[in-house]
Amino acid sequence: MDKKAIITFLLALIAIAGQAQKKAGAQKEAQQTVVGQISITAETSLNAQRKVTAHMTMDDYDGPIGIKLRGNSSLGNNQKKYTFELRDEDGHEVEAELMGMPAHSDWVLLGPYYDVSTVRDPLAFQLWRDMGHWGPRSRMVEVTLNGDYRGIYILCEAIKRGKDRVNIDKMRKTDTSGRELTGGYLLRIDTANDDDATFPSKVPGVGEGNFMTQVTWSCIYPKKKKSLQPEQIAYIQNYIDTVEQVIQSDDFADPKTGYARYIDVPSFVDYFIHTELSLNADGYKRSAYFYKERQEPDGSGGKLFAGPVWDYNLAYGNAGFANADNPEAWNFEGASNNPTPAMWQRLLQDPAFRKAVKTRYQALRKNILSDKAIDAYIDRHVRLISPYLAHHFETYPELLASEGEKKDGRPQGLFGGGGFPGFGGGGFPAMPDSIPQFGGGFPGFGGGGFPAMPDSIPQFGGGFPNFGEGGFPGFGEGGFPGFGGGGGMGFNPFGAYRVSSYEEEIKIVKDWLHNRLAFLDRNIERFDKDWEPRIQELKEIKAPQFGGFGGFPGFGGGEGGGFPNFGGGEGGGFPNFGGGFPGF
C-alpha cells in the first residue's frame, strides 16, 4: 500500500471514529435528567376501542391529541396505559418531537403498574438500541389526567414504520407485484386483533401444558383497514410460511438454501440473547415483532429481521408463571401460558447458529451486557425518579406490601400462591350465607352470576376488553371494583414476589440479573461444545371451543351458575375467547 493510500485509509478511520463519538455524545446528551410533566384534559371518558379528543400540555407540546386506553388484562389495573396521536385543530395527525425524541405522530404512555421498579421496559428498550437496533426511545414522566394525578409513566415511541422508527420502505396500494411487493412489512406474533390482518402459522408451537399450539401472526403494516392489498397479505403470509417450514426442514442449516437465505441471522441471534436474558413471561410468543425489508434491485436483501422489542414489564424475574422467575430456565422451551414458536428450538440445533450466539454474547458481556453497565443504567434510573416515588406510591399504595402481606417473599396473587388481590391469601373468599355458593355468581351480584346489564348502565370503560368499550360494564375506567384502592386490580396478580420498599425491589432486580447472566455465562460457554437444546415434539393441539357451559368448574355450575348474559350458550360462560382470558 503506497503512502497516499495509507493516508486515505487513516482519514477514513478517523471519520468513522468521529461519527461514532458524535453518536455516543448525542446519546449522552439525550440522557434524561428531569422527569417530564404531562397534563391531559379529555372531553369524554376514555375507552379501549376509539381515540377520543383531548388536549395535552407538556414542555415541548401544547395542543390536541387523540387518546385511548391500551392493553388487555392491564385494562383492569388502577393505573391505565394509553396510546395517543398528535393532532392539529382539524383533527388531522401531525408530527412533533417530544422530550428530544424524533418527530412522529404516534406515542405511548406505559403505566408501570406491574413493575414496582419502573425500570424493566426502559432497560429492555435501551439494551436493544445499544445492541445496534432500533428500539423505542423512552422518557420518564408524571401524568395528570383531567386534574387527577395518575403517577409515574414511561413516555415512549410506538412501534411504527418511519425513518426514525422501523425504517422499512413505504408500501402503496399499487405495490402488488415485482420488487415493490417484497417489502416493507411489519409483523407481530400475538393474540389476534381485529385491526390487523392475521394468519396462522403452519408449524405448531411448543411449551409443556399448553391447551393449544396455534401460533398467530399479524401484519400490522400495511394496515388492514387502510392500504393492505390482497396480493400483499398473500405474499407476506407465503414468505412466513416458507421461513418456518424451511427452518423445520432437513436441510435447514444449509448456508445457501436453508434459513440463512430468508432471515437476517444477526438480528435473530441478538433477539435470542435479549429474550433469554430477560426471561420475559411473554418472550417469543406475545408482542414479538419482526419486519421484512424490500429486496434490492439486484435481488439481494429483502430478508426477515427479528425485532424490535416490546412489553417487558413481566420480565427480569417479575412474573410468577411460565418459569419466568427462575433464573435457570430457558425461554425458548416455552411454558403453559401461550405456545412458543418452534423455530427457536430448531435454530439452536444448528451448531453455526449456536456458535454465532456464543461469539456475540461473549462480546456483549464485555460492555453492553456487563454487570457493571446494567447496574449503572439501573442506578441512573433510580436517581432520576427517586424524587417522584413518594407521590406515585401514595397514589397506588397497593404496590408495596406490608411485611405481614408477604409470604416467604411470595405474592398474595393469582399465580404466586394467594388468590385474587383484596381477598387475602387464599383465592376467592368464603361466601357469607346471604350469598349462595358459586352457582350464584360473584359476591355483590346477588344469586345469579353476572346479571344482565340495564340500559341505564353506560358504555364500558375499563377492565377486560371485548365487552364493548373496554371491559366490564358500568365500572368506568376503574375495571374491577373493590379489588384494591381505586376500582381496579389491586396489584400485580401475575407477580413472582412482593416488596415493602422501592429499595428492596431494586436490589431484587439487580440480584436476579446477576444470577441470570451467570446462568447464561455457564451455558452459552458450552454452545459450541457439549450443549444441546431440549427438543419438544411438534404436534397440533387445537383450542377448545367454549360457550355452552354452565359456569367455571368448581363454582357450582348449573344453569344458574357461571357468568350468564354475555352472549355465550345456554349456561352463559365467556364466549369467543378461543382459549381463556385475553392477555393470559
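The values are calculated or read from the model by the stated rules, or taken from the named source; none is laboratory data. This one's a predicted model, so the numbers in the text were calculated from it and none came from an experiment. Neighbour counts run over all protein chains shown; Cβ positions are idealised from the backbone, glycine included.
Brief remarks follow.
- Checking each residue in segment 228-257 for being surrounded by 16 or more Cβ atoms within 10 Å (Cβ to Cβ) and farther than 23 Å from Phe199 by Cβ picks out only Ala253.
- Filtered residues of segment 181-196 (kept if modelled with pLDDT of 95 or more and either more than 19 Å from the chain's Cα centre (by Cα) or farther than 22 Å from Met343 by Cα (or both)): Leu181, Thr182, Gly183, Gly184, Tyr185
- Condition broken by Asp241, with the remaining ones in (1) under 13 Å from Leu304 (Cβ atoms); (2) in contact with a Phe, Trp or Tyr (Cβ under 6 Å, 6 or more places away or on another chain) satisfied: (2)
To keep it simple, each residue is scored yes or no on (1) of a type in the set (Asp, Glu); (2) closer than 20 Å to Ile159 by Cβ; (3) in contact with a Gly (Cβ under 8 Å, 6 or more places away or on another chain); (4) in a strand (DSSP E or B).
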site	(1), (2), (3), (4)
Ser218	no, yes, no, yes
Lys224	no, yes, no, no
Ser227	no, yes, no, no
Ile240	no, yes, no, no
Asp254	yes, no, no, no
Ala260	no, no, no, no
Val269	no, no, no, no
Gly317	no, no, no, no
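- Only listed residue being buried (at least 20 other Cβ atoms within 10 Å of the Cβ) and of a type outside the set (Asp, Glu), chosen from Lys355, Lys292, Lys366: Lys292
- Test: residue in segment 381-388 that is assigned by TED's automatic domain parsing to the domain that holds Asp190, free of Cβ contacts under 8 Å to residues at least 60 places away in the same chain and assigned to a helix (DSSP H, G or I): no
- Val116 part of a loop (DSSP other than H, G, I, E, B) and either of a type outside the set (D, E, K, R) or on the phi > 0 side of the Ramachandran plot (or both): yes
- When restricted to residues that are touching a Pro at 6+ places or on another chain (Cβ under 7 Å), part of a loop (DSSP other than H, G, I, E, B), assigned by TED's automatic domain parsing to the domain that holds Ile220 and among the hydrophobic types (A, V, I, L, M, F, W, C), segment 160-201 contains 0.
- For Val141, the stated conditions hold: it is part of a strand (DSSP E or B) and more than 15 Å from the chain's Cα centre (by Cα).
- Take the conditions (1) surrounded by fewer than 18 Cβ atoms within 10 Å (Cβ to Cβ); (2) at pLDDT 50 or above; Lys81 misses just one of them, which is (1).
- Counted residues, segment 99-132 - those being of a type outside the set (Phe, Trp, Tyr) and within 30 Å of Pro397 (Cβ to Cβ): 17
- The residues in segment 79-104 that are touching a residue at least 40 places away in the same chain (Cβ under 8 Å) and basic (Lys, Arg) can be counted, and the count is 1.
- Output for segment 149-159, where each listed residue is assigned to a strand (DSSP E or B) and of a type in the set (A, V, I, L, M): Ile152, Ile154, Leu155
- A residue that is closer than 25 Å to Val246 by Cβ and touching a residue at least 40 places away in the same chain (Cβ under 8 Å) occurs nowhere in segment 147-163.
- Boolean, Glu97 is surrounded by fewer than 20 Cβ atoms within 10 Å (Cβ to Cβ) and in contact with a Pro (Cβ under 9 Å, 6 or more places away or on another chain): no
Conditions (1) at pLDDT below 95; (2) among the acidic types (Asp, Glu); (3) not in a loop (DSSP other than H, G, I, E, B), marked per residue:
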site: Phe305; (1), (2), (3): no, no, yes
site: Trp310; (1), (2), (3): no, no, no
site: Ala322; (1), (2), (3): yes, no, no
site: Asn326; (1), (2), (3): yes, no, no
site: Ala335; (1), (2), (3): yes, no, no
site: Asn338; (1), (2), (3): yes, no, no
site: Arg346; (1), (2), (3): no, no, yes
site: Gln349; (1), (2), (3): no, no, no
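- Selection of first residues in segment 510-524 that are under 15 Å from Ala124 (Cα atoms) and of second residues that are at pLDDT 95 or above and of a type in the set (Val, Ile, Thr), restricted to Cβ pairs under 7 Å at least 6 apart or on distinct chains, gives the following pairs, ordered by first then second residue: Lys510/Ile378; Leu513/Ile374.
- Restricting segment 63-78 to residues that are in contact (Cβ under 8 Å) with a residue 24 or more places away in the chain and assigned to a strand (DSSP E or B), the residue that is surrounded by the most Cβ atoms within 10 Å (Cβ to Cβ): Asn77
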